[in-house]
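See structure below.
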Amino acid sequence: MSAVNDTKYTPAVFLLTGIPGKEDVHLWISIPFCFMYLISIIGNSVILFIIKTDPSLHEPMYIFLSMLAVTDLGLLIATIPTILGIYLLNSREISLNACLAQLFFIHLLKCIESSVLLLMAFDRFIAIYNPLRYASILTLPRIGKIGLVCVLRGVAVILPIPFLLQRLQYCRANVLSHSYCINQEVMKMACSDIRVNSIYGLSVPLLTVGLDSLLIFLSYVMILKTALSIASNAERLRALNTCVSHLCAVLLFYMPMTGLSMIHRFGKGSFPLFQTVLGYIYLLVPPLMNPIVYSVKSKHLRERIIRAYIK
């Protein structure tokens, strides 16, 4: 009897979920998803191609933008198989190892993207506060080293998460509420003690995304203070206008992430449709909108894109 009680069962698969109650129209729902993926991949690829091939765009602001585009492409690649698999092929099953790999890359890329947005805020502050030394402070070798530090930080803090999840035993209902795997969802499927996972899962966002958002806020306080000290109204508006696209990217990134985290922590399964939609906004809207926002707001980049298409 004790042998039976000690037996633990780890399911081979998790079941992903599309939009609740809309299973009969999944094929039609796949059309906007395919369109969003296509536009996002093309937009970010064009940004990368233009910046790489045009020497006049080899400036810190555009280098950081190319880093942002790379992380967005990585997120798209990490989520395409499961999201489109559900709506096109009705393939809901994902193995534990595949699920852990996907959540690792999703959380890693989100952590790196948060770091890149912080670097872009620092870039705007230097450009406004000390424009004469802007190029000498943010040199290409220095930007490369900073980017490497961001990647290493992300790997260092995210890598323990899959191992902490893998040690758990899963014997409850294994139906996830999203079309992809994230730490908060998989952790709730375990029947083992998850206190360590819960504490670490809460600490990581606070020490990475939370700290980054605080530093971005302080950067904008300094930017606003510096801009208000400029005597000319025209120069003041022009300085602040260079921050609009970055501010839009920050809002697109942090608002859905904050809302989704709050629902997972305190929602207790309420509003499943809202949670699902917010989950898609959290993953798919920033890669879709970032290239559009920067192409519209950056005259220099927009002219290069138009010139490339004319050629």
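Remark: the I199-H26 segment gains 58.6 nm on full extension, using 0.36 nm per residue and subtracting the alpha carbon distance. Spin-label model, E93 to I80: label points 7 Å out along the Cα-to-beta-carbon direction sit 2.4 nm apart.
On a 0 to 90 degree scale, rounded to 10, what angle separates helix 26-53 from the longest Cα axis of the chain? Roughly 40 degrees between the two axes. Helix 96-129 axis versus longest C-alpha principal axis of the chain: approximately 20°, rounded to the nearest ten. By the beta carbon rule, with partners counted only under 4.7 Å, the chain holds these lone Cys residues: C34, C111, C150, C243, C248.
Each other residue within a Cβ distance under 14 Å of F217 adds +1 if Lys or Arg and -1 if Asp or Glu, for a net charge of +1. Were the residues from L214 through F35 laid out at 0.36 nm apart, the gain over their Cα-Cα distance would be 61.0 nm. Think of segment 2-310 as having a plus end and a minus end, set by charges on the Cβ of Lys, Arg, Asp and Glu; of N241, L152, L103, N241 sits farthest toward the positive end of this dipole. Contact order for the chain, expressed relative to its length and based on alpha carbon pairs under 8 Å spaced 6+ residues apart, stands at 27 percent. Annotation: amide H-H contacts under 5 Å for F14 (H modelled 1.01 Å from N, sequence separation of 5 or more, or interchain): I94, S95, L96. If only the Cβ of Lys and Arg carry +1 and only the Cβ of Asp and Glu carry -1, the dipole of the chain around its Cα centre is close to 640 debye. Take the alpha-carbon positions of segment 2-310, form their convex hull, and give its projected area averaged over all directions (one quarter of the hull surface) in nm². Over every viewing direction, the Cα hull of segment 2-310 projects on average to 18.6 nm². When the pairs K52/K145; K110/K188; K22/K110; K110/K145; K52/K110; K52/K299 are compared against a 25 Å limit on Cα-Cα distance, K22/K110 fall above it. For the chain, the longest principal axis of the alpha carbon atoms and the long axis of helix 140-158 meet at an angle near 20°.
Every read-out reported here was derived from the displayed coordinates using simple, explicitly stated rules and does not represent laboratory data. For clarity, every value in this text was computed on a predicted model and none was experimentally measured. Glycine gets a Cβ as well: all are built from the backbone with ideal geometry, and neighbour counts include every protein chain shown.
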